[in-house]
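Asker: Below is the structure I would like to discuss, written out as structure tokens.
The values are calculated or read from the model by the stated rules, or taken from the named source; none is laboratory data. Treat the numbers as computed from the prediction; the structure is a model and nothing was measured. Here Cβ is always computed from backbone atoms with ideal geometry, including for glycine, and neighbour counts include all displayed protein chains.
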Ligand code: CA
């Protein structure tokens, strides 16, 4: 699955330049042209990284970033701010608003792609595709083997896919419908309740020996694999 970048920019020539270079580097690209479109796209398309221009019509990039960080569903999505301003104060303001990185225009396509990759590697450890690691969980994708600490975790095929999806997006909350779409596929005719059954099995398999529960249930929102709230 190619990682998806959401470009939020109102200038068509820049959108074209960014899309061209990102697609060539192996990313899938989605585009939003203002704040409303951006917030909608972040929720619906679930991008792996958002490339967010500071100067946008109606709502500024920095305000979009703040709103994303306030919403539990979009909080974990990495953001790279894109701007013509190069002053230290702006950089600090951008990072204060919750941006993960910052690129000043003009930039080279090589620099842009390198920054996107770096942010992805931090947020999505699966990016190198050999195996996945999060907290004390290790998923060996080739051997199809999961361990937690020193213990083997036996998983059925659905629980394995479910865990893999969570490990690829740690800390992010997904609704039952989003999990159905991403883990079972859009064409599967399965009730959202089925997700709860498999989450329960996954929990039972993972939480051996009194280990803390790493799957967080978010009321009326869904589930996340999240170590941050484990004491
Ligand atoms: Ca702009």
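Asker: Which count do you get for residues in the stretch 1-19 that are free of Cβ contacts under 8 Å to residues at least 24 places away in the same chain and more than 16 Å from the ligand (Cβ to nearest atom)?
Answerer: Qualifying residue count for the region: 1.
Let's see how each residue does on (1) in the same structural domain as residue 175 (by TED's automatic domain parsing); (2) in contact with a helix residue (DSSP H, G or I) (Cβ under 8 Å, 6 or more places away or on another chain); (3) modelled with pLDDT under 90; (4) assigned to a helix (DSSP H, G or I):
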{"residue": "13", "(1), (2), (3), (4)": "no, no, no, yes"}
{"residue": "51", "(1), (2), (3), (4)": "no, yes, no, no"}
{"residue": "85", "(1), (2), (3), (4)": "no, no, yes, no"}
{"residue": "92", "(1), (2), (3), (4)": "no, no, yes, yes"}
{"residue": "111", "(1), (2), (3), (4)": "no, no, yes, yes"}
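The rows are residues; the columns are (1) more than 17 Å from the chain's Cα centre (by Cα); (2) loosely packed, with under 15 Cβ neighbours inside 10 Å.
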{"residue": "143", "(1), (2)": "yes, yes"}
{"residue": "149", "(1), (2)": "yes, yes"}
{"residue": "160", "(1), (2)": "yes, no"}
{"residue": "170", "(1), (2)": "no, no"}
{"residue": "181", "(1), (2)": "no, no"}
{"residue": "188", "(1), (2)": "yes, yes"}
{"residue": "192", "(1), (2)": "yes, yes"}
{"residue": "205", "(1), (2)": "yes, no"}
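Asker: Residue check: is residue 91 surrounded by fewer than 21 Cβ atoms within 10 Å (Cβ to Cβ) and either closer than 28 Å to residue 165 by Cβ or in contact with a strand residue (DSSP E or B) (Cβ under 6 Å, 6 or more places away or on another chain) (or both)?
Answerer: For residue 91, the condition - surrounded by fewer than 21 Cβ atoms within 10 Å (Cβ to Cβ) and either closer than 28 Å to residue 165 by Cβ or in contact with a strand residue (DSSP E or B) (Cβ under 6 Å, 6 or more places away or on another chain) (or both) - is met.
Asker: Next up: Could you check the stretch 42-76 and list, in sequence order, the residues that are within 14 Å of the chain's Cα centre (by Cα) and either over 24 Å from residue 104 (Cβ atoms) or within 12 Å of the ligand (Cβ to nearest atom) (or both)?
Answerer: Result: 43, 44, 45, 46, 51, 71, 72, 73, 74, 75, 76.
Asker: Oh, and also: Just to be sure before I move on: is residue 131 without any contact (Cβ under 8 Å) to a residue 12 or more places away in the chain, surrounded by fewer than 20 Cβ atoms within 10 Å (Cβ to Cβ) and touching a helix residue (DSSP H, G or I) at 6+ places or on another chain (Cβ under 9 Å) in the structure I sent?
Answerer: So residue 131 fits the description; yes.
Asker: So, one more: Looking only at the stretch 26-41, filter to residues that are under 19 Å from residue 110 (Cα atoms) and surrounded by fewer than 16 Cβ atoms within 10 Å (Cβ to Cβ); which one of those is nearest to the ligand (Cβ to nearest atom)?
Answerer: 28
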